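Student: Here it is: the structure, laid out below.
The values are calculated or read from the model by the stated rules, or taken from the named source; none is laboratory data. Small disclaimer: the values here were computed from a predicted structure and weren't measured. Reconstructed Cβ throughout: ideal geometry from the backbone, glycine too, with neighbour counts over all protein chains shown.
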Amino acid sequence: MDNRWGDIRHLIIDMDGVLYRGNTLLPDTPAFWAWLTGRGMGYQLLTNNSSRTPEQYVAKLAGMGIQVPAERILTSAQATALYLRRLAPEGARVYIIGGAGLTDAVLGLADAAGKPLFVWDKSRPDYVLVGMDTNLTYEKLKIACLAIRAGARFIGSNPDRTFPSEDGIVPGCGAILAALQACTDVAPTVIGKPEAAIFELAMARLGAQRQTTAVLGDRLDTDVLGGHNAGLATILVLTGVTTREEVAASPVQPDWLVENLGELIAKWVDK
C-alpha cells in the first residue's frame with residue numbers, strides 16, 4: 001500500500017468471502033483480526049446476507065474464535081427494516097421471504113408502547129420483502145408473485161446473485177429477486193450494498209469521515225461499487241467470489257487489489 005493508506009482509520013468490512021467461507025474461517029483471518037484490533041482500527045462488519053441476526057453473527061464468529069460485539073455488525077436486514085419504517089405506515093401488512101435476520105428485524109419493530117409496527121400477512125400484503133432464504137420453496141415464490149402482481153411493493157434486502165460457501169459459489173438473494181422479477185415484470189427496490197445509504201449508516205455508527213474510511217470486500221458489484229457510490233476508498237480481496245480475470249475485465253475497479261488478508265497486512269504502510 002502507498003503512504004496515503006496511513007490516513008485510513010476506519011474499515012467497513014464484508015464477512016462472506018473476506019473473513020470466512022460458509023462456516024470455515026479463512027486462514028489469514030486470525031492474523032488480520034489481531035492486526036486490526038491491535039492497532040485500534042475502527043471497524044464495522046457490513047454484510048448483505050440478511051439471513052442472520054447480529055446476535056447470530058456474533059455467535060458464528062465466536063465459534064470461529066473471533067470476538068465481536070453485536071453493535072459492530074450491520075446487516076442488510078437491519079437497513080431494510082429502517083427503510084420500511086420510514087416508508088410504510090403503522091399497521092402495514094408484510095410478507096417476508098428470508099431468514100431470521102430479516103423477519104426479526106422487520107417484525108421486531110415496535111412503537112413506544114411495544115405494539116408491533118407491521119403485521120405479517122401472506123394473503124394480501126402491502127409489502128413483499130425478500131432476503132436470502134436457504135429454505136426457499138415454490139410456495140413462497142408463488143405467494144410473493146401473486147402479491148406483487150396484485151400491487152404489493154417489492155423490496156429486496158440486497159442484490160447479491162451468489163455468495164461463497166464451502167461447496168463453491170451458490171445462489172444468493174439476487175437470484176430470488178431475479179425469479180420474482182421474471183414472473184411479475186416488476187423490479188425490486190434494493191436496499192443493501194451497493195447503495196450508498198447502507199455505507200453511510202455504517203460510517204455514522206463509527207463516527208467516521210469519508211477520507212478516513214475504506215471498504216474491504218470480495219465483490220466488485222456490491223463492495224467496490226458501493227464504496228465508490230459512497231465516496232470511499234476500496235480494497236478487494238480475491239478469497240471470495242471475484243477472480244483476477246474478472247477484475248481485469250471490469251469497469252469497476254478497486255483502489256487496491258490483494259490476494260488475501262495476509263497480503264493486505266504485509267502491504268499496509270503507515271505515514
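Student: Could you check the range 78-107 and list, in sequence order, the residues that are closer than 22 Å to LYS142 by Cα, crowded, with 16+ Cβ neighbours inside 10 Å and hydrophobic (A, V, I, L, M, F, W, C)?
Tutor: If the condition is that a residue be closer than 22 Å to LYS142 by Cα, crowded, with 16+ Cβ neighbours inside 10 Å and hydrophobic (A, V, I, L, M, F, W, C), then ALA92, VAL94, ILE96, ILE97, LEU102, VAL106, LEU107 are the ones that fit.
Student: Taking strands (runs of 3 or more DSSP E) that do not extend beyond the range 206-271, which have at least 1 residues that are in the same structural domain as TRP35 (by TED's automatic domain parsing), without any contact (Cβ under 8 Å) to a residue 60 or more places away in the chain and among the aliphatic types (A, V, I, L, M)?
Tutor: Answer list for the range 206-271: 233-237, 256-258.
Student: Quickly run through the range 146-193 and pick out the residues that are among the basic types (Lys, Arg), surrounded by fewer than 23 Cβ atoms within 10 Å (Cβ to Cβ) and part of a loop (DSSP other than H, G, I, E, B).
Tutor: ARG161
Student: Within the range 126-143, which residues are assigned to a loop (DSSP other than H, G, I, E, B), in contact (Cβ under 8 Å) with a residue 40 or more places away in the chain and of a type in the set (D, E, K, R)?
Tutor: The answer is ASP133, and nothing else.
Student: Any residue that is surrounded by 16 or more Cβ atoms within 10 Å (Cβ to Cβ), at pLDDT 95 or above and closer than 23 Å to THR189 by Cβ - is there at least one of those in the range 55-62?
Tutor: No: zero hits.
Student: One residue is enough: does the range 92-105 have a residue meeting the conditions farther than 23 Å from ILE12 by Cβ, of a type in the set (A, V, I, L, M), in a helix (DSSP H, G or I) and not assigned by TED's automatic domain parsing to the domain that holds TYR43?
Tutor: Among the residues of the range 92-105, at least one is farther than 23 Å from ILE12 by Cβ, of a type in the set (A, V, I, L, M), in a helix (DSSP H, G or I) and not assigned by TED's automatic domain parsing to the domain that holds TYR43, which makes the answer yes.
Student: What's the total number of residues in the range 204-218 that are modelled with pLDDT under 95 and within 15 Å of the chain's Cα centre (by Cα)?
Tutor: Qualifying residue count, the range 204-218: 0.
Student: Sticking with this structure for a sec: Can you tell me which residues in the range 1-34 are at pLDDT below 95 and part of a helix (DSSP H, G or I)?
Tutor: Listed by number, the residues that qualify are ASN3, ARG4, TRP5, GLY6, ASP7.
Student: Here are some conditions: (1) within 26 Å of VAL241 (Cβ to Cβ); (2) out of contact with any Gly (no Cβ under 7 Å at 6 or more places or on another chain); (3) among the charged types (D, E, K, R). ASP160 meets all but one. Which one does it not meet?
Tutor: Evaluating ASP160 over (1) within 26 Å of VAL241 (Cβ to Cβ); (2) out of contact with any Gly (no Cβ under 7 Å at 6 or more places or on another chain); (3) among the charged types (D, E, K, R) leaves (2) as the failure.
Student: Return yes when TYR43 is closer than 17 Å to PHE163 by Cα, of a type in the set (Phe, Trp, Tyr) and in contact with a helix residue (DSSP H, G or I) (Cβ under 9 Å, 6 or more places away or on another chain) and no when it is not.
Tutor: no
Student: Could you tell me which of the residues GLU259, GLU200, GLU245 is surrounded by fewer than 17 Cβ atoms within 10 Å (Cβ to Cβ) and in contact with a strand residue (DSSP E or B) (Cβ under 8 Å, 6 or more places away or on another chain)?
Tutor: From the options GLU259, GLU200, GLU245, the qualifying one is GLU259.
Student: Right, another one. Please find, among LEU146, LEU177, LEU201, the residue that is assigned by TED's automatic domain parsing to the domain that holds GLY98, in contact (Cβ under 8 Å) with a residue 12 or more places away in the chain and aliphatic (A, V, I, L, M).
Tutor: From the options LEU146, LEU177, LEU201, the qualifying one is LEU177.
Student: Evaluate the following for GLY131: is it surrounded by 14 or more Cβ atoms within 10 Å (Cβ to Cβ), on the phi > 0 side of the Ramachandran plot and within 25 Å of the chain's Cα centre (by Cα)?
Tutor: Spelling it out, it is not the case that GLY131 is surrounded by 14 or more Cβ atoms within 10 Å (Cβ to Cβ), on the phi > 0 side of the Ramachandran plot and within 25 Å of the chain's Cα centre (by Cα).
Student: Pairs please, first residue from the range 101-125 and without any contact (Cβ under 8 Å) to a residue 12 or more places away in the chain, second anywhere and among the basic types (Lys, Arg) and not in a helix (DSSP H, G or I), Cβ atoms under 9 Å, 6+ apart in sequence or on different chains.
Tutor: SER123/ARG93
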